[in-house]
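Note sheet for the following structure.
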Amino acid sequence: MGKRLKLLLVFMVIAVTISCKKDKDTSDYKDSEIAESSAALNAYFDAEFEKDVEESPMMQTQLGRKTNYGKWDDFSHLKYAKDLEKAKSRKKYLKENVDEKALDKETALSYRLYKQELNNQIEDYDFRFYDYPVNQMNGYHTNLPAFLINMHRIDSIQDARAYIERLNGIPKVFDQAIEGMKIREQNGILPPKFVFEKVLEASHNVIKGKPFESSSESSALLQDFKAKTDKLDITDEVKRKLLADAEKALLTSVKPAYTKMIALLEDQQQRATTDHGAWKFPKGDAFYNNRLKRITTTGLNVNEIHEIGLSEVARIHGEMEVIKEKVGFEGSLQDFFEFMRNDTQFYYPNTPEGKEQYLTEATAYIETMKGKLDELFLIKPTADIVVKAVEPFREKSAGKAFYQQPALDGSRPGTYYANLYDMNAMPTYQMEALAYHEGIPGHHMQIAIAQELETIPMFRKFNFYTAYVEGWGLYSELVPKEIGFYEDPYSDFGRLAMELWRSCRLVVDTGIHAKKWTREQGIEYYKNNTPNAETDCIKMVERHIVMPGQATAYKIGMNKIVELREEAKAWLGEDFDLREFHDVVLKNGAVPLNVLEEMVQEWADAKREELQ
């Protein structure tokens, strides 16, 4: 039976099963009716998820599937309208066929989240061109090579040919991207000047080395392809043929595509300005307010977020003063910052050996934390995690650190990427907190657990509410402190420095996008208020500029999780169990902060009743 026919039969069953009388109360439904309706709606969710996956060869690869293995997604601007119609159709289906009162608790939450996602997608359509598809943080020019290197496994000759097919498919993707970038410029959405120099350099880096030029070094893509095919159990003759085909694809498809993208970037660079905030866009204020709403999943406005940042910066400075006194440093907090920023004891050398030492020690922190998980969690992931350096072709412009989720089928572990391009921007006193944030108990715990949950539909396993996800990451830097980690006061200073960094983000992001701060003002704020290297400060402000609102998620999310934990402690007293609290936070996957608040309140109420 064909896949489409199977889906059609599923929908026929759903349509019959899920419909209920709209005017009934929950108490009017039998348990069997609730179970039947819930099962039908979950089948609908999974069927719709599969339709989305079917439209995305790249998602199929991320899920560990090798269907459409040589294809790329559709990045045409016309897809926005198709996705809008799909969202409207799904919303209409829910309205006409689902009675929320006929659903069990878990499915009712899925229904609520799904419906909200559809509403957001429909409301956000007006802002579909309000981004920079090619910027220094991410974009087609680096994301496609990174995808091939990190996601496209080669386990057979067919996989190698699919890789080559994807190389040959890059011109089409770039044509779609270029068309979208031209539309954005027509609509007044053009990156500021500084972006172009960085993305041009990154684009040129992809087409450096063999076979693009006479060189002893292979390009990143050729090196990756050769390393993967060399592991295949095939004849040397077949390997040589595959390598020759890959080199041909790089020369005849990849290079012309990048040359075309570079030409557009150089052309747009001539018209770029030094206006940096979202306020410069048509309806820029409305766009930025919408971004804050989506990113934080709260009703906090620009000024409230700005003031929270200022307040937190002042508080953390006070805690840093205590550590300064503890280590016997004489001088002002600014002098202490200068000491932490420049003293060589806090930095590994910018050499292969220094970088390897960093990766080894970061891995050791994660391994040590694994041994403490039973004290903190009832639920734990089965997927493993590895620590890697960011690849050379994108390390200069990439962020300080980030996490890549494991494959759903277990074929690829979670990965904590550390950016070791500039070792002076990776102080050892921040290493411990960074490992906890990106690895365990941070992103790896939360994201891997969400993917492994069996009680939620597939779409919820891949939901990404930034304030929840990044809030958990930042909260995960604090938790180890509470169980005796950060024994070195300098390492504890590093933890505070990273929390301070996220607090400054609230000030600078809102400053740039709503208060018309310049890039230079933002950089100066970070330099004056944090111990971070100037390169860190520059990168962060430039990240704010190309990703409006995103960086506000971390501190807003952490504050909410800590607030909910302390409230639960006050409600439950000696009966509060940190492991149970973490279970409540993690066992439903990512959710908006207002929903998380309801779940914690419900858990605490139920626990109090149980204890009475």
Count of lysine pairs in segment 140-273 with Cα separation under 14 Å (8 or more residues apart, or interchain) | 12
What does the charge add up to near Q116, with Lys and Arg as +1, Asp and Glu as -1, over the other residues with Cβ less than 11 Å from its Cβ?
-> +2
What ³J(HN,Hα) values, in whole Hz, does the Karplus curve 6.51 cos²θ - 1.76 cosθ + 1.60 give for segment 226-241 when θ = phi - 60°, with x put for Gly and Pro?
-> 5, 4, 6, 6, 4, 7, 6, 8, 9, 5, 4, 5, 5, 4, 4, 5
Which of (1) 1.07; (2) 1.00; (3) 1.18 is the computed Cα Rg over 2.2 N^0.38 Å for the structure on display?
-> (2)
The extension gain from V322 to Q357, computed as 0.36 nm times the residue separation minus the Cα-Cα distance, is 9.6 nm
Assuming R0 = 22 Å, what is the FRET efficiency of D175 and D131, from their Cβ-Cβ distance, to the nearest 0.05?
-> 0.75
Residue span Q186 to K396: 0.36 nm per residue of separation minus Cα-Cα distance leaves a gain in nm of 72.6 nm
Which of P57, A450, A146, positive extreme of dipole for the chain (C-beta unit charges) = P57
Least to most buried among H317, H437 (fewest other Cβ within 10 Å first) | H317, H437
Per the rule of 0.36 nm per residue minus the C-alpha distance, extending D384 to Q158 adds in nm 78.6 nm
Burial order of peptide ranges 589-598, 515-524 (average beta-carbon count within 10 Å, highest first) | 589-598, 515-524
per DSSP, antiparallel bridges as share of beta bridges in the chain, % nearest 5, sits at 45
Would you mind working out the magnitude of the charge dipole of the chain relative to its Cα centre, with +1 at each Lys and Arg C-beta and -1 at each Asp and Glu C-beta, to the nearest 20 Debye?
-> 2560
What number comes out for the charge environment of S411, summing +1 per Lys or Arg and -1 per Asp or Glu over other residues with Cβ under 11 Å away?
-> +2
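The numbers here are math on the coordinates, done by the rules we state, and not lab data. Because the structure is predicted, anything quoted here is derived from the model rather than measured. Cβ: placed from backbone, ideal geometry, glycine included. Neighbour counts: every protein chain shown.
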